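Chemist: Sending over a structure as structure tokens; questions will come in a sec.
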Amino acid sequence: MGTLMDAYEILKDLIKEAKRLKNLEMISLSMDVQEKIFEFKEELESVKDENRELKKQLELIKNPSISEDDIKYYPAGFFTLNSKGNKLPYCSACWKAKRIQIPLSRQFKSWDYKCSSCQSKIIVLDEKDREI
Ligand SMILES: [Zn+2]
């Protein structure tokens, strides 16, 4: 950001000089450049935010919160954790894509579940029926 602020300071000097010389064309062009600098600064901020988010996701992929050995996948699109007695169903899609552990929420029927993150609708049968 330092270089961008340096450019902005130089531009401010240029505008001051243009005003002193009463050069309207130079003032107008300088104002256009100033606007472009502000737009560039906004774009840079958005790229930085995106980069921060991607770094966070990469960290989760490199250091997953749970081990694959502990996971039991089911064809319906959910998984359970052996260490937790395979009770709570989690969204397989969110785990595979983003390495985030989203417990599924039960809807109106006992077998009807939904992921609150990716909105997947998943059928979770009774524990004894989960085996294939
Ligand atoms: Zn999901």
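None of the figures in this text is laboratory data; all of them are computed from the coordinates on show. All values derive from a computational prediction rather than experimental measurement. All Cβ positions, even for glycine, are placed from backbone atoms using ideal geometry, and neighbour counts span all protein chains on display.
Chemist: Percent relative contact order of the chain, based on C-alpha pairs within less than 8 angstrom and at least six residues apart?
Modeler: Here the relative contact order equals 13 percent.
Chemist: For the chain, take the longest principal axis of its alpha carbons; what is the angle in degrees between that and the long axis of helix 2-20, to the nearest 10 within 0 to 90?
Modeler: Tilt relative to the chain: about 30 degrees.
Chemist: Also, I was wondering about something else. Which of ALA93, ALA18, ALA76 moves the most in a Gaussian network model of the chain with Cα springs under 10 Å?
Modeler: ALA18
Chemist: Among the listed pairs LYS16/LYS41; LYS16/LYS48; LYS48/LYS114; LYS72/LYS109, which are separated by more than 30 Å between their Cα atoms?
Modeler: LYS16/LYS48; LYS48/LYS114
Chemist: What spacing in nm lies between the two simple spin-label points modelled at ILE37 and LYS55, each 7 Å away from Cα in the Cβ direction?
Modeler: 2.6
Chemist: Could I ask something else about it? Taking springs between alpha-carbon atoms closer than 10 angstrom, which of ARG106, ARG52, ARG20 fluctuates most in the Gaussian network model of the chain?
Modeler: The residue that fluctuates most here is ARG20.
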